[in-house]
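*Asks:* Before we start, here is the structure in question, set down as structure tokens.
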Amino acid sequence: MSLEKPSRDTALDVGVTEDGLDYDALADLLGGHVLDREEHVNAEGFVIRPDEVQEVLSTLKEEAGFDHCACVTAQEYDDRYESIYHLRKYNDPTQELSIVVPSPKDDPHNESAARVYDTADWHEREAYDLVGIDYDDHPDLRRILLPETWQGHPLSQDYNQDQPQIVSLREHANPLKDDKRSEDDPDTMFVNIGPHHPATHGVLHVETVLDGEQIADLEPDIGYLHRCEEQMCQQGTYRHQIMPYPDRWDYISAGILNEWAYARAAEDLADIEVPEYAQVIRTMAAEMCRIASHELALATFALDVFGDFTAVFQYGIRDREIVQNLLEDLTGQRLMFNYLRLGGVAWDLPEPREEYFEKIRDFLDDLPHKLEEIHDLVTGNEIFQMRCVDTGVLSPEQVKQYGATGPVARGSGVDYDLRRDDPYGYYDELDWNVVTEQGGDNFSRVLVRLREVEESARIIEQCVDLLEDWPEDDREIQANVPRTLRPDPDKEIYRSVEGAKGELGIYIRSDGTDKPARFKIRSPCFSNLQTLPEMAQGEYIPDMIASLGSLDIVLGEVDR
Amino acid sequence: MSSDQTPPAAKDVSTQEARMGDGADDRFNSTLREAFGSTPFILTKFDKFMNWVRGSSMFMLQFGIACCSIEMIHTYAIKHDLDRFGSGVPRASPRQADVIIVPGTIVSKFAPRMKRVYDQMPEPKFVVSMGSCTISGGPFQEGYNVIKGAEEVIPVDIHVPGCPPRPEALIYGVAKLQERIAEGESSPVTVKPYELEQFGDLEQDELVDKLASEIDEEDLVMRYNWNDSP
């Protein structure tokens with residue numbers, strides 16, 4: 001609830017010093033497991049043997065407190081395959097460590113981390129699907145984004161994109177069909193929810209097995225919107241061609257937040273210093289995006305729970321329209337802003353500035369009343385509370401196991417917000433609070449979003465004050481960046497920002513050209529969605545729909 | 001019987017006025033009624049009448065794919081309010097819908113499902129493709145997994161370009177569709193390279209042989225020949 005970081009558990013602080021992590025102490029902890037050490041821009045990378053992954057990771061998790069496996073990046077080099085586990089800590093995400101696992105070119109495989117971090121399950125399935133690394137001892141190594149019958153691994157080096165493919169449309173089988181205690185046991189029923197279904201918020205397919213009205217088994221099936229975002233970014237030049245794509249990951253008006261994720265990673269990779277004035281504009285625009293995004297999350301959640309396309313839904317859309325107008329004035333687009341540039345922003349605030357500030361202030365003045373209205377309509381509503389309080393409960397331990405972030409983590413009392421914990425932009429200069437709720441249920445997650453809207457409004461207000469008083473001769477919106485950006489070869493970086501849905505991270509490896517050699521997106525929704533089976537198992541099916549709504553996933557970001 | 005009660009003098013009213021009625025029934029009068037004048041009959045071709053009706057009351061399918069669906073939601077919702085044009089009731093089931101707006105990128109895994117949804121809609125049905133992705137694959141055209149336009153899978157009546165199109169653009173597209181329907185025009189069914197077919201009917205080649213153990217003969221499949229795509 002404040003900007004102060006929560007106190008740490010000192011027993012798990014191996015190598016923690018005043019000025020960052022002492023990697024020597026961590027290497028000592030792992031002893032002979034560390035074959036080699038690499039310098040990444042964000043952290044050191046320890047190279048380990050492919051058959052010691054579980055041992056190393058569980059040591060780091062149990063004894064050094066790395067409880068957050070943020071991302072698993074797989075890539076193919078000319079002479080080897082490599083998986084990188086990006087580890088960090090929930091109570092201080094600036095303490096990072098990369099575990100680099102090389103595996104042989106002719107038979108790429110290494111031990112799976114899914115037994116240590118549950119979240120690695122899907123991340124490794126994705127790595128298998130797109131790059132083609134086999135993970136031994138993985139609970140369920142299947143394709144996740146591409147159809148089961150796909151040939152080849154598209155992000156591997158010898159993939160031929162022109163080869164024909166066959167995709168089948170087969171009825172899904174009930175996985176629990178023969179799972180009966182006796183002959184008289186009633187049958188379970190298999191229900192496909194999606195991929196075309198109003199409650200799935202896009203093209204998600206949830207394979208559900210029902211016992212009566214309760215969920216006996218549930219598995220989200222994704223990949224219906226896998227539009228090769230990583231490949232697109234690897235084909236684009238740093239300076240101009242990549243920036244339009246982030247807008248389309250989390251497309252619910254969260255464009256600037258996503259652009260910032262790429263901008264932050266690329267700027268740190270190429271050592272670009274962003275002018276303060278541009279940082280303030282970025283901060284303001286990003287928080288507007290957050291408001292727009294949370295408004296839609298609330299609107300669609302109300303649509304799921306009330307089944308009401310008229311009242312509550314339209315209130316959310318009404319407020320969004322205003323934010324979108326503000327963003328359109330600033331960026332020139334309603335949804336796909338393409339406003340950030342490496343080293344700054346595309347252009348200054350719209351003229352006349354006073355008029356624009358006036359518009360923003362009008363919006364902020366009206367906001368408390370509107371939120372009150374929404375609280376009256378939604379969170380204060382008895383039916384809504386019956387549906388949402390104590391349903392879809394997610395414990396803080398489960399949150400950490402699955403690497404959930406954003407409002408989902410904060411709704412379960414995990415105090416994790418990168419804007420405060422790993423500061424960027426102008427956030428550490430401003431006065432605002434991180435919102436957490438302790439409930440862990442659907443209600444808490446909605447409440448967190450609504451209260452975050454208030455905090456975002458506070459941030460915007462302070463930014464407007466700053467911008468209004470900014471001296472006219474110091475309005476520098478863009479740093480000096482070379483026309484063609486070629487970061488030094490073999491630099492690696494993982495950087496993340498607090499997107500609307502949580503930790504949005506980007507891994508980039510440069511190879512000395514003007515295009516990234518590997519561009520990996522760590523999407524918050526991908527990890528958040530993994531918690532759905534935990535929340536829904538044994539619950540009633542309407543509660544599952546509410547849980548899905550309160551996770552606030554967006555399929556463009558889940559599938560990328 | 002006294003002769004006090006004389007019948008009221010026949011007033012000089014026109015037939016039109018007589019039909020329009022007055023008093024409490026006033027609310028049934030409409031501009032349309034006024035336009036018809038005295039005749040309660042209109043003379044038109046049945047087909048023409050049906051087309052006019054079709055265009056004036058369209059049920060859209062509630063169908064979201066990607067980014068464009070956000071702008072589509074805004075088109076349905078307040079401010080833009082597509083309902084003003086007689087086409088604003090999104091139906092959750094394809095069996096109740098007659099227009100499908102395709103709002104977003106279609107990828108290989110989704111195309112067979114979209115084709116199935118389209119097939120489930122009753123005739124006559126119309127397709128509005130929204131955004132660049134449904135025209136050519138848009139910004140994702142070079143992706144290994146992306147279908148290069150909705151027309152590869154289903155026939156399309158109206159293309160609305162943009163990434164994403166503004167709500168005004170979508171409204172314009174829908175209005176154009178209504179105009180075309182009212183005039184009885186429909187798009188010629190274009191060549192659809194990607195069809196759902198039974199696996200057993202596919203031409204035998206290396207790939208089919210390889211997948212023979214995984215896919216049943218009767219399973220419906222969609223075969224993508226990326227080289228033949230535009």
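*Asks:* Which of (1) surrounded by fewer than 20 Cβ atoms within 10 Å (Cβ to Cβ); (2) at pLDDT 90 or above; (3) closer than 23 Å to A:Val323 by Cα does A:Asp376 not meet, given it meets every other one?
*Replies:* A:Asp376 satisfies every listed condition except (2).
*Asks:* It is to be established whether one or more residues within segment A:52-59 are charged (D, E, K, R) and over 26 Å from the mean Cα position of the chain (by Cα).
*Replies:* Checked against the condition, which is being charged (D, E, K, R) and over 26 Å from the mean Cα position of the chain (by Cα), segment A:52-59 yields at least one hit.
*Asks:* Given the conditions (1) at pLDDT below 90; (2) under 26 Å from the mean Cα position of the chain (by Cα); (3) of a type in the set (Val, Ile, Thr), which single one is not true for A:Val34?
*Replies:* Tallying (1) at pLDDT below 90; (2) under 26 Å from the mean Cα position of the chain (by Cα); (3) of a type in the set (Val, Ile, Thr), A:Val34 fails exactly one: (2).
*Asks:* Starting from segment A:224-242, take each residue that is at the interface with chain B (Cβ under 8 Å from one of its Cβ atoms) and within 15 Å of B:Thr105 (Cα to Cα) and list its partners that are in a helix (DSSP H, G or I) and not hydrophobic (A, V, I, L, M, F, W, C), counting only C-beta distances under 6 angstrom and pairs at least six apart or across chains.
*Replies:* Here the result reads A:Leu225/A:Gly556; A:Leu225/A:Asp559; A:His226/A:Asp559, each pair linking segment A:224-242 to a residue that is in a helix (DSSP H, G or I) and not hydrophobic (A, V, I, L, M, F, W, C).
*Asks:* Take A:Ile317 and decide whether it is in contact (Cβ under 8 Å) with a residue 60 or more places away in the chain and either surrounded by 15 or more Cβ atoms within 10 Å (Cβ to Cβ) or in a loop (DSSP other than H, G, I, E, B) (or both).
*Replies:* Criteria not met by A:Ile317.
*Asks:* What are the residues in segment A:545-560 that are of a type outside the set (D, E, K, R) and out of contact with any Gly (no Cβ under 9 Å at 6 or more places or on another chain), if any?
*Replies:* Of everything in segment A:545-560, those that are of a type outside the set (D, E, K, R) and out of contact with any Gly (no Cβ under 9 Å at 6 or more places or on another chain) turn out to be A:Ile545, A:Gly549.
*Asks:* Is it the case that some residue within segment A:172-185 is outside any loop (DSSP other than H, G, I, E, B) and either under 30 Å from A:Asp78 (Cβ atoms) or outside the structural domain of A:Val131 (by TED's automatic domain parsing) (or both)?
*Replies:* No: zero hits.
*Asks:* Looking at segment A:32-86 only, could you name the residues that are touching a His at 6+ places or on another chain (Cβ under 6 Å) and either within 16 Å of A:His109 (Cα to Cα) or not hydrophobic (A, V, I, L, M, F, W, C) (or both)?
*Replies:* Matches in segment A:32-86: A:Ile48, A:Glu52, A:Val72.
*Asks:* Okay, moving on. Of all residues in segment A:135-151, how many are more than 9 Å from chain B (Cβ to nearest Cβ), over 24 Å from the mean Cα position of the chain (by Cα) and either buried (at least 19 other Cβ atoms within 10 Å of the Cβ) or at pLDDT 90 or above (or both)?
*Replies:* So the count comes out to 0.
*Asks:* Let me ask another. For segment A:467-524, enumerate the residues that are without any contact (Cβ under 8 Å) to a residue 60 or more places away in the chain, within 30 Å of A:Asp92 (Cβ to Cβ) and within 27 Å of the chain's Cα centre (by Cα).
*Replies:* Within segment A:467-524, A:Asp490 is the sole residue that qualifies.
*Asks:* Give just the number: which of (1) facing chain B (nearest Cβ under 9 Å); (2) under 30 Å from A:Ser168 (Cα atoms) does A:Asp250 not satisfy?
*Replies:* Of everything listed in (1) facing chain B (nearest Cβ under 9 Å); (2) under 30 Å from A:Ser168 (Cα atoms), A:Asp250 misses just condition (1).
*Asks:* Further question on the same structure: Could you list, in sequence order, all residues of segment B:203-230 that are farther than 23 Å from B:Ala150 by Cα, loosely packed, with under 12 Cβ neighbours inside 10 Å and within 9 Å of chain A (Cβ to nearest Cβ)?
*Replies:* B:Asp205, the sole residue that qualifies.
*Asks:* Quickly run through segment A:203-228 and pick out the residues that are outside any strand (DSSP E or B) and surrounded by fewer than 23 Cβ atoms within 10 Å (Cβ to Cβ).
*Replies:* Of everything in segment A:203-228, those that are outside any strand (DSSP E or B) and surrounded by fewer than 23 Cβ atoms within 10 Å (Cβ to Cβ) turn out to be A:Gly212, A:Glu213.
*Asks:* Could you check segment A:154-170 and list, in sequence order, the residues that are in a loop (DSSP other than H, G, I, E, B), within 12 Å of chain B (Cβ to nearest Cβ) and in contact with a strand residue (DSSP E or B) (Cβ under 9 Å, 6 or more places away or on another chain)? Give the steps one after another, and end with the answer.
*Replies:* Restricting attention to segment A:154-170, the residues satisfying the condition of being in a loop (DSSP other than H, G, I, E, B) are A:154-164, A:170.
Still in the running and within 12 Å of chain B (Cβ to nearest Cβ): A:154-156, A:159-164, A:170.
Residues satisfying the conditions are A:Leu155, A:Ser156, A:Pro164, A:Arg170.
The values are calculated or read from the model by the stated rules, or taken from the named source; none is laboratory data. Values in this document were obtained by computation on a predicted structure and should not be read as measured data. Neighbour counts are summed over all protein chains in view; Cβ atoms, including those assigned to glycine, are modelled from backbone coordinates with ideal geometry.
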